[in-house]
Structure formats: structure tokens, C-alpha cells
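S.K.: Before we start, here is the structure in question, set down as C-alpha cells.
The values are calculated or read from the model by the stated rules, or taken from the named source; none is laboratory data. Source: prediction; values computed, not measured. Virtual Cβ from ideal backbone geometry, glycine too; neighbours counted across all protein chains shown.
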Amino acid sequence: MKIDVLVAEIGSTTTVVNAFQNINSSSPKFIEQGQAPTSVLEGDVNIGLTAAIKDLAHELGVERIQYDQMLATSSAAGGLKMSVHGLVYDMTVRAAKEAALGAGAIIHNVTAGKLRRTDLKRIKEMNANIILLAGGVDYGERETALYNAEKIAELKINIPIIYAGNIENQEEIAEIFKDAGMKLYIVENVYPKIDQLNIEPTRKIIQDVFEEHIVHAPGMSKVRELINGPIIPTPGAVMEASKLLKENIGDLITFDVGGATTDLHSVTEGSEEINRILISPEPIAKRTVEGDLGVYVNMENIVNRIGIEEIEKCLQKDIDTIKKEHRPIPNTKKQVKFVELLTKEAVATALERHVGKLSHIYGPNGKVTVAEGKDLSNVKYIIGTGGALTRLEKGKEILAGLTCSNARNKLQPTKETKILIDKHYIMASLGVLSKCYPEAALQLMKKSCGI
């Protein structure tokens with residue numbers, strides 16, 4: 001059978017392959033999904049990828065599948081691991097972090113100011129995929145970024161460097177890493193002026209560098225034998241899909257609840273009223289990743305947040321039995337109920353950590369109200385993707401609960417916000433598909449969300 005485009009999602013535990021047909025027509029179709037265990041530990045993800053394609057063929061009732069193009073998202077081999085270094089934490093460091101997170105990175109190391117010996121030791125030991133250097137507004141402070149560049153260059157590590165700081169440093173930074181024989185990418189400053197973010201160019205280059213270097217990551221060396229299109233980090237693909245959908249239907253947030261983490265992507269400018277009183281700028285597209293909130297791998301953390309007594313009361317079982325019977329894919333009513341409790345707590349906590357708030361400051365002229373963080377009050381849609389939200393019958397109900405619990409002074413979505421579920425669980429695949437076929441990706445996304 002001939003397929004137009006296959007999109008592989010190479011996860012840490014599972015590899016999923018989604019098949020799309022009629023991709024160049026006015027009616028593109030999602031036709032089927034295959035899956036298999038990811039084979040990172042075997043040193044070659046192609047084993048799991050090939051098995052997922054065979055499973056897809058089985059689901060379609062054919063012996064063999066041919067395809068014109070295969071794209072991929074990947075969070076295998078630990079995902080996109082980054083180390084981020086800037087000048088002032090609330091300014092250039094924060095801007096660099098936003099760029100890295102929006103591109104789908106997992107940030108393992110963040111520093112502000114000049115690197116210390118302990119920082120350099122951590123950089124050398126962590127084996128990041130990319131190091132992001134920032135620091136200084138354009139034509140502002142120069143010394144810190146140059147010092148940090150010199151110190152990283154002295155490490156002689158085989159890790160690509162992205163420089164997104166003061167443009168006055170670009171030529172000298174290039175010389176530093178050229179002399180060290182290290183791969184360097186130079187991009188526009190992430191924080192060119194005070195209170196001005198410019199993170200999209202850095203997000204794009206992070207994804208380009210990831211695609212260029214992912215084939216060198218453990219278990220990914222043979223990935224290009226099957227994939228002949230773009231490869232981007234899975235969280236970055238969900239962000240791309242969210243941004244594309246926002247342009248068509250309006251401001252939105254996307255929850256991606258997985259076994260290990262819960263990601264929240266918001267794509268909204270916020271309200272004019274709140275923007276006038278923001279004390280620091282926020283990106284239009286923002287991602288937060290909660291590494292402690294997973295419904296399988298990190299289940300214990302959520303259990304502790306909910307409380308053992310509450311869980312035992314809801315399920316009428318002791319907690320040890322509940323945890324012993326817990327499965328990645330629940331197959332009994334009690335198992336499903338447990339995942340629902342975990343998912344409800346995960347999304348509520350992720351929203352609480354992501355959303356901005358109003359504060360009151362008292363000065364000589366009396367009380368002044370200011371806003372800090374991401375304003376979600378203009379959001380029109382909440383979208384659920386990821387294994388938990390797309391497979392649970394109560395996924396929509398869980399997300400609807402977020403609009404009924406507006407805490408005082410929190411800039412949360414309102415009760416008028418509509419809830420959508422990515423019923424085919426293809427949002428990440430459509431994010432990478434949008435790189436080549438944006439119109440088809442948009443149509444398929446709207447179909448999956450029931451728009």
C-alpha cells in the first residue's frame with residue numbers, strides 16, 4: 001500500500017506512526033495509527049520504528065507499506081537537552097529559557113552572570129544536545145557573554161553552541177569558537193532592548209540544530225535511513241500545531257498530559273488591559289513543562305499532591321493495591337478512575353504554575369495594581385492532547401473544570417472558554433506536518449478537534 005506521508009513520534013517508551021493520505025488535495029485524511037516499543041536501549045530506534053510501521057500495516061490489513069515521505073518528532077534518548085546561560089536572570093536568561101522551552105527543549109542547566117567552576121563542571125558532565133548563550137541588550141553589556149564563551153570554549157566539548165546575545169559580540173564570539181573548533185550558530189538577540197522579547201528566531205534555530213544533530217544522539221544514528229523529512233522535538237511540534245491553530249480559530253492553550261510530564265502551551269497576546277500593567281514582557285507563545293507531573297512514571301508525585309486518603313476514598317481500595325494495579329494504558333474501571341484523578345490534578349497544577357496573577361503595590365500615591373506572568377483571560381479554547389486526555393472519556397470534563405475554578409487575582413481562562421479534544425491524538429504529528437503542508441495540517445487538526 002502506498003501512503004503519502006507517514007509521521008513518526010519517537011517517544012522515550014513508545015514509537016507511534018500516523019498515516020496521512022491525499023495530503024496535496026483539498027480533503028487530506030488521517031487513515032490509521034501503528035505503534036511499538038521504542039528501541040533506544042537497543043542502540044537503534046529504527047528497530048522500534050520499523051515495528052511500528054509493521055503494526056500500521058497490520059491495522060490497515062496490508063502486507064507492506066510504501067510511503068513518499070516520512071517526517072518525525074522525537075523525545076527519545078532524553079529529548080532535546082539544553083543548557084542556557086545569560087546575564088540577568090529576569091531578563092536575558094528568562095528570554096533564552098522561553099525560546100528553548102518553546103522549541104521543545106528540556107532545560108537541564110540555567111545560569112545567570114559569569115560562569116563559575118561548578119557551572120563549567122556541570123556543563124561538561126551533563127552532555128547536553130545544545131548550549132544556548134545569551135547576555136546583554138544590543139549595544140549594552142558585553143563582558144559576561146564573552147567571558148562565558150571563552151570558558152565554554154576551553155572545555156573543548158563536542159556540543160553545538162547557539163549565541164543569541166548582544167549583537168556587538170557576534171564577530172568576537174565567532175572567533176572564540178572557531179579557534180576552539182566548536183560548531184557555532186549565531187542568531188538575533190533574544191532580548192534586544194529592555195522589556196522586549198525576540199525569541200522566535202532562536203526557537204527556529206534550536207529546532208534546526210536539533211534536526212541536524214539528533215542523528216548523533218544515542219539510539220538515533222540510523223534514523224535517517226527511514227525518515228526523509230523534518231525531525232523536530234515532540235513538545236516543539238505540539239507548539240507548532242498550537243500556533244497554527246491559533247491563527248485560524250483564536251487564542252488557545254493546549255495541555256499535553258503524558259506518562260512522565262505535563263506540558264502547557266499557551267498562544268495568546270492577552271488582553272490590552274492586562275498588557276498595560278504587566279511588569280515584564282511575556283511571549284505570545286509560551287510553554288511550561290512540569291517534569292514532576294506524569295500519570296505513570298511520575299505518578300507518585302501526583303498521588304502525594306492529591307493525598308492518599310482522598311484517593312483511597314474515591315477508589316475504595318488501599319493505595320498499595322491501586323499503585324500495584326496501575327498500568328500505562330488502563331483497562332479496568334478502577335484503573336481508569338485512578339488515571340482520571342491523576343490527570344485532573346496534573347492539569348490543575350500545570351495551569352496554576354503557568355498562569356499569571358494580579359498584585360497590589362502600595363506606594364506614596366496609594367494602591368497600584370500590576371500584572372505578572374501569562375495572561376490567559378482572553379483564551380477562547382482549551383485543547384487536550386496526549387495519551388491521558390485523548391483516551392479518557394472524561395477528558396473534556398476534566399478540562400472544563402479549569403474554567404470553573406477561577407482563583408482570585410489569577411489571569412485564568414473564563415467560563416466561556418470552549419473545550420476541544422485531539423481525539424485522534426495526532427497534534428504533535430500535525431505540528432511537524434505543518435512544516436511541509438500547513439494547509440493540510442490545519443484541516444486535519446480541526447477535524448481531530450471536532451471544529
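S.K.: Has segment 26-35 got any residue that is in contact (Cβ under 8 Å) with a residue 60 or more places away in the chain, in contact with a Leu (Cβ under 7 Å, 6 or more places away or on another chain) and over 21 Å from Gly386 (Cα atoms)?
M.R.: Within segment 26-35 (the criterion being in contact (Cβ under 8 Å) with a residue 60 or more places away in the chain, in contact with a Leu (Cβ under 7 Å, 6 or more places away or on another chain) and over 21 Å from Gly386 (Cα atoms)), the answer is yes, since at least one residue qualifies.
S.K.: Provide a single number: the residues in segment 48-88 that are farther than 25 Å from Arg224 by Cα, surrounded by fewer than 23 Cβ atoms within 10 Å (Cβ to Cβ) and within 21 Å of the chain's Cα centre (by Cα).
M.R.: Total meeting the criteria: 0.
S.K.: Taking Leu358, is it of a type in the set (A, V, I, L, M), more than 21 Å from Glu269 (Cβ to Cβ) and outside any loop (DSSP other than H, G, I, E, B)?
M.R.: No; evaluated as a whole, the condition is false for this residue.
One line per residue, one yes/no per condition, for (1) in contact with a Phe, Trp or Tyr (Cβ under 6 Å, 6 or more places away or on another chain); (2) over 21 Å from Tyr89 (Cβ atoms):
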residue	(1), (2)
Leu155	no, yes
Gln170	no, yes
Gly181	no, yes
Leu184	yes, yes
Val190	no, no
Leu197	no, no
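S.K.: Output the helices (runs of 4 or more DSSP H) that fall wholly within segment 285-345 and possess 2 or more residues being within 30 Å of Gly102 (Cβ to Cβ) and in contact with a helix residue (DSSP H, G or I) (Cβ under 8 Å, 6 or more places away or on another chain), or say none.
M.R.: By residue number, 299-306.
S.K.: Then there is this: Looking at segment 172-201, which of its residues are out of contact with any strand residue (DSSP E or B) (no Cβ under 8 Å at 6 or more places or on another chain), more than 28 Å from Glu282 (Cα to Cα) and either in a loop (DSSP other than H, G, I, E, B) or aromatic (Phe, Trp, Tyr) (or both)?
M.R.: Correct list: Gly181 only.
S.K.: Within segment 405-451, count every residue that is closer than 30 Å to Val368 by Cβ and loosely packed, with under 14 Cβ neighbours inside 10 Å.
M.R.: Matching residues across segment 405-451 total 7.
S.K.: Can I ask one more? Could you list all residues from segment 387-397 that are touching a Ser or Thr at 6+ places or on another chain (Cβ under 8 Å) and either surrounded by fewer than 24 Cβ atoms within 10 Å (Cβ to Cβ) or not hydrophobic (A, V, I, L, M, F, W, C) (or both)?
M.R.: Passing the criteria: Leu392, Gly395.
S.K.: Sort out which residues of segment 363-388 are in a strand (DSSP E or B) and farther than 12 Å from Thr417 by Cβ, and write them in order of number.
M.R.: Answer for segment 363-388, where residues must be in a strand (DSSP E or B) and farther than 12 Å from Thr417 by Cβ: Gly363, Gly366, Lys367, Val368, Thr369, Val370, Ala371, Glu372, Lys374, Gly384, Thr385.
A quick yes/no check of all residues on (1) more than 22 Å from Glu269 (Cβ to Cβ); (2) more than 17 Å from the chain's Cα centre (by Cα); (3) without any contact (Cβ under 8 Å) to a residue 40 or more places away in the chain:
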position: Lys178; (1), (2), (3): yes, yes, yes
position: Glu188; (1), (2), (3): no, yes, yes
position: Gln196; (1), (2), (3): no, yes, no
position: Gly229; (1), (2), (3): yes, yes, no
position: Glu240; (1), (2), (3): no, no, no
position: Asn248; (1), (2), (3): no, yes, no
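S.K.: Out of all the residues in segment 287-300, is one or more under 24 Å from Ile451 (Cα atoms) and either outside the structural domain of Asp422 (by TED's automatic domain parsing) or not hydroxyl-bearing (Ser, Thr, Tyr) (or both)?
M.R.: yes
S.K.: Of the residues Asn158, Asn169, only one is farther than 26 Å from Val289 by Cα and surrounded by fewer than 16 Cβ atoms within 10 Å (Cβ to Cβ); which?
M.R.: Asn158
S.K.: Is it true that Ser12 is closer than 19 Å to Gly386 by Cβ and in a loop (DSSP other than H, G, I, E, B)?
M.R.: Taking the combined requirement at face value, the residue satisfies it.
S.K.: Of all residues in segment 222-259, which are under 21 Å from Glu439 (Cα atoms) and part of a loop (DSSP other than H, G, I, E, B)?
M.R.: Asn228, Gly229, Pro230, Gly250, Asp251
S.K.: Return yes when Arg353 is assigned by TED's automatic domain parsing to the domain that holds Lys246, within 16 Å of Ser266 (Cβ to Cβ), surrounded by fewer than 17 Cβ atoms within 10 Å (Cβ to Cβ) and modelled with pLDDT of 90 or more and no when it is not.
M.R.: yes
S.K.: State which residue pairs qualify: first residue acidic (Asp, Glu) and inside segment 322-348, second residue modelled with pLDDT under 90 and in a helix (DSSP H, G or I) in any location, beta carbons under 9 Å apart, and separation of 6 or more residues or different chains.
M.R.: Glu340/Ala388
S.K.: Checking Asp90 against (1) farther than 28 Å from Val297 by Cβ; (2) at pLDDT 90 or above, which test does it fail?
M.R.: (2)
S.K.: Among Pro230, Pro201, which is the only one that is surrounded by fewer than 17 Cβ atoms within 10 Å (Cβ to Cβ) and either within 10 Å of Ala72 (Cα to Cα) or modelled with pLDDT of 90 or more (or both)?
M.R.: Just a single option satisfies the conditions, and that option is Pro201.
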